[in-house]
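The block underneath contains the structure these notes are about, expressed in structure tokens.
Nothing in this text is a laboratory measurement; each read-out follows from the coordinates by a stated rule. As the structure is a computational prediction, the values presented were derived from the model and not from experiment. Virtual Cβ from ideal backbone geometry, glycine too; neighbours counted across all protein chains shown.
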Amino acid sequence: MSRRKFSAIDEVTFIDPPPTARIHILARRVGVIIADLLLETVHEYEPRLRPGHMRVLALVNEAPKRLIDIAASLGSTKQSVAPTVAELVDWGLVVRTVDDRDRRARTLALTPHGETVTSAMLGRSIALDEEWGRLLGEDVEICRSALWRIIQSQRPTDG
């Protein structure tokens, strides 16, 4: 009887996967690399930030948002996103203000410090895209298209 070399959990948590690894393992590794590089950038400004904070900052950067809208964009609930937002407020990256459309509600917006951190994060993201574009050369659009097809294949369908 043959024994498996790795357990199922080992297969999805490769730190240094081989080039023949499953696509999802390679994609997950790229995601970890991106998160680590972006964290490295934001930690120059605020070392307590984690990936969840970065997602909220990116959303609030688009325009001031209500907590419920942030939660919906993240596919989460207000209750689970609220602690992350509270930390961002406590750290001076986000401010709560009264919503002009509904005085009972609060919107979240970036502070000047939050704008600086978010700008650095998004700048690093653009630089990574450019760097990997140079690395992949002509294959960049093939890579982008393949990743997009995978993303689209997992979206819910009507019916």
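A few comments on the model shown:
- Rounded to the nearest 10 degrees, the angle from helix 112-136 to the longest Cα principal axis of the chain is 20 degrees.
- Between helix 23-42 and the chain there is an angle of about 40 degrees, using the helix long axis and the longest principal axis of the Cα atoms.
- Computed on the stretch 52-142, the Cα convex hull volume stands at 114 Å³ per residue.
- Residues whose placed amide H lies under 5 Å from that of Arg66, excluding near-sequence neighbours: Leu108
- Excluding exposed DSSP-loop trypsin sites (Lys or Arg not before Pro) (at most 13 other C-beta within 10 Å), longest clean stretch of the chain: 105-159
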